[in-house]
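Nothing in this text is a laboratory measurement; each read-out follows from the coordinates by a stated rule. Quick caveat: nothing in here was measured; it's all calculated off a predicted structure. Reconstructed Cβ throughout: ideal geometry from the backbone, glycine too, with neighbour counts over all protein chains shown.
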Amino acid sequence: MQAFERELLTLLPRLRRFAHALARDPVDADDLLQVALERALKARGQWTPGTRLDSWMMRIVRNCWIDEVRSRARRARTFLPEEEGASVGADTHHEIEARVEMHAVDKAMNALSAEQREVIALVLVEGLAYREAAELLDIPMGTLTSRLTRGRQALVQMLELEAA
Amino acid sequence: MMTIDDDMLMAFADGELNEIGRARVERALAEDPSLRARLDAQRRLRARLAAHYTPVAEEAVPERFRALLETGVVDLSAARAPRARPLWQSAIALAATLVLGLALGRTLLVPGAPDSGPIAVEGGAMVARGSLAEALDSQLASAQASNAATRIGVSFARSDGRLCRTFDSAAAAGLACRTDTGWQVMMTAAGSGGQRGEFRQAGGESLLVQQAAQEMMAGEPLDDAAERRARDSGWRRGGASR
């Protein structure tokens, strides 16, 4: 195994956690990680040694998740009558909620917009600095902080964490 | 009283404020109980998220990820149908690829004796030689002797039109595609060791080859007539069509 794989190996626990925060379901999360690792192995030439592999890899996980959500939306459109497909295709809540009872945190994360969820996952779950998260997502700092604030307010409310 | 908006409060909670900002928020917190309550809610949120997600990072990473990084071999079946496949099958598939490495190293690719095995390395690619090349060239899956040394499994066209065939012999099973110069071996696994019948059906190796074929196949496998046409046209691209 080369340095690249060795370093990836040490990142696996964190990447799994990040995948779980994005996908909100343990099985989906591991499928996502599998796809992301395959993509990373193919694209390893694009990683510059000496730069941060964790951010590089989290970006891949996040992009793979976006692809997965898009293809689910496409599938949902394919299998439903057109007028229904249009609304279901917009997100996959419907599909996910149909599964067994989710953990309260997964459920609350589920109710966020995809944009809020990914900033929460990067900053609050993975502990990235604002600047790192903004760079990874390619968005301005102001956009990052406003998504973060709105996502947090929603989570505090849903998880009933306000002071009694 | 100084007003502290949520953005600023959260930046404070995340340690993202500079000294001046921090001092401002601390002063406001000292004066304003409702602000303290909002900060507490944020701290509870962090604790709640940590309680939920930290165990994920602490549990053992599934072996398939470790294996993927250690071998660089993508388990095609796991990629295709991750939920349908029990773990033991992945283990067999992995074992098969490991056996393959040994088999290639020890019996197929004898250094300095390029003509002795069924597979040789040319320009970084594996190519079929000798009896394997012959079987791939001439043997029809629909009409092969039951005691043939190499058995052809399925013939099919790839999306780029090249024709490919799966094979199995005592030494190696695998998948080869026709190029302009010969048969390039795309993947191999341990052969069935001459076993036929039920045992062969149950083997993890042939499963691995079949899955690789499925991944690569554009449309359906060639039927008997198409396979014959393909052979008679020298396996050139599109040679299977009427």
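Among B:Met126, A:Met102, which comes first, second and so on when ranked by fewest other beta-carbon atoms within 10 Å?
If I rank by nearby Cβ atoms, fewest first, I get A:Met102, B:Met126.
In whole Hz, with x marking every Gly and Pro, tabulate ³J(HN,Hα) for segment A:4-18 from phi via Karplus 6.51 cos²θ - 1.76 cosθ + 1.60, θ = phi - 60°.
Result, rounded to whole Hz: 4, 5, 4, 5, 4, 4, 6, 7, 3, x, 5, 5, 5, 5, 4.
Hey, with R₀ at 22 Å, roughly what FRET efficiency would B:Glu63 and B:Gln214 work out to, going by the Cβ-Cβ distance, to 0.05? Before the final figure, lay out each step's value.
Values: r = 24 Å, r/R0 = 1.08.
Using R0 = 22 Å, I get an efficiency of 0.40.
B:Asp160 to B:Asp6: FRET efficiency via 1/(1 + (r/R0)^6), r the Cβ-Cβ distance, R0 56 Å, to the nearest 0.05?
Here the calculated transfer efficiency is 0.50.
Viscosity 0.692 mPa s, temperature 37 °C: what is the translational diffusion coefficient of segment B:112-191 from Stokes-Einstein with a Kirkwood Rh over Cα pairs, rounded to a whole number of µm²/s?
259
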